1. Determine which member of the set VAL127, VAL111 is closer than 24 Å to GLN60 by Cβ, under 25 Å from the mean Cα position of the chain (by Cα) and modelled with pLDDT under 85.
2. Hey, which of the strands (runs of 3 or more DSSP E) in segment 633-714, taking only ones fully inside, have at least 1 residues that are buried (at least 16 other Cβ atoms within 10 Å of the Cβ) and among the small types (Gly, Ala, Ser)?
3. Test ALA456 against the criterion of being under 35 Å from the mean Cα position of the chain (by Cα) and either open to solvent by less than 50 Å² (accessible area, probe 1.4 Å) or not charged (D, E, K, R) (or both), and give yes or no.
4. Considering only segment 531-545, how many residues are modelled with pLDDT under 95 and either on the phi < 0 side of the Ramachandran plot or open to solvent by less than 20 Å² (accessible area, probe 1.4 Å) (or both)?
5. Could you look through segment 304-352, keep only residues that are charged (D, E, K, R) and in contact with an Asp or Glu (Cβ under 9 Å, 6 or more places away or on another chain), and pick out the one that is most open to solvent (accessible area, probe 1.4 Å)?
6. Please find, within segment 70-105, the residue that is nearest to GLY225 (Cα to Cα) out of those that are part of a strand (DSSP E or B) and charged (D, E, K, R).
7. Given the conditions (1) assigned to a strand (DSSP E or B); (2) within 35 Å of the chain's Cα centre (by Cα); (3) more than 30 Å from GLN673 (Cα to Cα); (4) of a type in the set (D, E, K, R), and given that GLU9 satisfies all but one, which numbered condition is not satisfied?
8. Which members of segment 562-610 meet the condition of being open to solvent by less than 40 Å² (accessible area, probe 1.4 Å) and of a type in the set (Phe, Trp, Tyr)?
Amino acid sequence: VVLFRRSEEYARSCFDFGDNWLQFPDGLEEAEEVFAQQYMPGCELSSDPSAVETVRAPEQPPPPRIINSLCRGSEVVVVADLWRDARVTLFQGEQGPGFSEIGSGQAYDTVGEFQIEPLNPVRGHKVTAIQEICGLSSLRSDPAPVGARPHSLPTPGVPESLVECGEMVRVTNIARGARVDVMMTCVASPGRRLIGSKYVTAATEDIRVSPGLVADQAVYVEQHGCGLRNYSRGVPVLPLGGPLPRPKVHDGGDHLLVVGIIPGATAEVYLDQKYLDSGTSGTTEVVIPLAGKLAHGVFLQARQLLCGHNSGLGPELQVRNDVDKTKVTWKSTEWIAQLTGLRTYRAGVFGTDLGTSVDHVINGELRTFFFFGDTFTIGSSQSSDAIGWTTAAAPSSRGFRLSFPIDRIWLGLKMFRPLIIEVPGARTIADLFLSLSGFEVPTGAFSHAGKLYVFATTDHFTDTPRTPGKDENFMGVSVLATGSDPGRNFMKLYEISNRTNAPGGFKFINISPWKIRNDDWPGLPDNARPGEEGLLMVGSGRYRESPAFLAYVPLPPNADPPLHEWRYLSGFDDSQTSFSPCGRPSWCTQQAAAIPLFLEEPQVVGELSFSWNPFLNRWLLLYSGAVLRTAAWPWGPWTDPLPIFDFGRDNGAAFIDPDGGTYAPYVSARFNQWEPLTREATIYYVMSTWRPYQVSLMKTVLRLECEYRPCPNP
């Protein structure tokens, strides 16, 4: 591999693997151009030059993220969100006496393993990290807690399907941050040999082994972590029997999925019958990341190689770029804990619902705030809305405890301070504060320019005469309010929807927002200014009788989002499918012209939660109790509804009364998790139950799959 700087050869090296580092004594300079080329010595075979990369100006790196569990005796910290070539330094303890550096090293990838002094809680119960590059230092990472040494480690597992010559072994049920050694029996003394080792960052890992697996031997793993060690059972290696099957390739947009692979074999992908890329895994599927989008109309095929044999090319797939290329399927749902009730009694929160959440920094501390709905407390029958918060970076097996801004102390109880929204320019004392009584609740929130913003409903009215089978309670007005701290009053900015003076515009009462960078989403309206941020919002109108609608508003730097710049999805230009399979979205200034987000039935939603999941690369919309739709673009096409909670299937009787129900599933995006090898994402969300009237923490595991889905109604 030859590296070129300023169009001249600068360095060269032979690579033993499919990727590696070229190090050089003098650093890169801003605006210079770098590219590479590879050739096989003596074979007269060379590649075309790589794409030219232009060196950017120095920037402050982002805070790193510690991703493994730490405990007494841990000797390795696994850190993510790194910039390649950054210097990473790790610390134990709090700022002040006892705060000390415990390790450092160079980042060779976006995730790195760093040796540290064995952790001892005596030096402090938190570990943090920073990264430095070009003389610029990041902010400190969120602290990772140092736990006590566990009594035991989970028993690791090795799949049954091990085949000779395999170069990869998949290990399951392992402790994050542990070291896993793959062992294989052999004839020579001492009867076993180390063939692979890795510090793991997930519960499932593929570990490359060398030499390849040998038939009629056995493979097992040793796991080392927190000063403990345990073993898996041994699994025999089977001989390769018969010809290799021809695999099939699927296009996932930013990756290819090759299926039908013998575990440990090499999968090769060909583009128009020319070699494109290859990969290996410890299972029957191989994921191959793509550096860029493939051209529409090209053909893909795959084959596999093992023990000196190849399968021949499998069936062709013609690439399409006018479709949604992935979907998610449900794998499991689990109730974690009830967050309110007994656990919040001392704050006066006896029963409540909802709980839309937002991450927001106060006094340098990242908190996740939960805006609850009508709350039972002393002397109250659902007449105020509580606001709780946590600093937990991840829930434990029992969830997390909530703190509340305190209003007063009554009979030894620290009574929560409810959401209070002032109305500027009020003409009477009665109008000084926004009405937030029963069914007048917060529905969504976001953080911008150091302030919190909350969408709330007011003007509760009842439908009389009542329509049989319909809810009689409705909210007539929605507003946006802002404040710097939930411990103080919020201030109303403006109304968004009003049933009395907005004919046809009564479409954004329940509103769930998500903050974006405008540059990430071509197809936004013309007022989405490049380099700035914006807010995408999904809303619904008449309570539990309305479809969902999409809106956008720019977020000016250090300023509130202006009402006159709201834009509403009003249609598509289906001749421009590069913006989505349904075409380029059209936007309008009139709420009355907004079109439903789902182009097919059923369209009706209730309380809803709209978020972007970066692991799945898809938008998630949760609603009702609980139903999921996903989309690659915020304007769709959206998948069919997928129930992710079922009373009978998911043990609902354990925490819901027989005549109770569920509603208001709100994602807590901070807690999202991802298992890249199994392509499974775990989402955590709060879900309200009726009987008991409380909020529970739930988690659902979703699996990402490849599937071509055109616009359902072009």
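1. Answer to the check: VAL111.
2. 661-667, 680-690, 694-709
3. Judged against the criteria, ALA456 is a match.
4. 4
5. So, considering only residues that are charged (D, E, K, R) and in contact with an Asp or Glu (Cβ under 9 Å, 6 or more places away or on another chain), the one most open to solvent (accessible area, probe 1.4 Å) is LYS331.
6. Here the residue is GLU101.
7. It fails just one condition, (2).
8. TRP566, TYR568, PHE579, PHE598, PHE610
The values are calculated or read from the model by the stated rules, or taken from the named source; none is laboratory data. Remember, predicted model here, so these are calculated numbers, not experimental data. Because the Cβ atoms are built from the backbone with ideal geometry, glycine has one as well, and the counts that use them run over all protein chains shown. Protein only, heavy atoms only, side chains kept; ligands, DNA and RNA dropped before computing areas. Shrake-Rupley method; radii C 1.70, N 1.55, O 1.52, S 1.80 Å.
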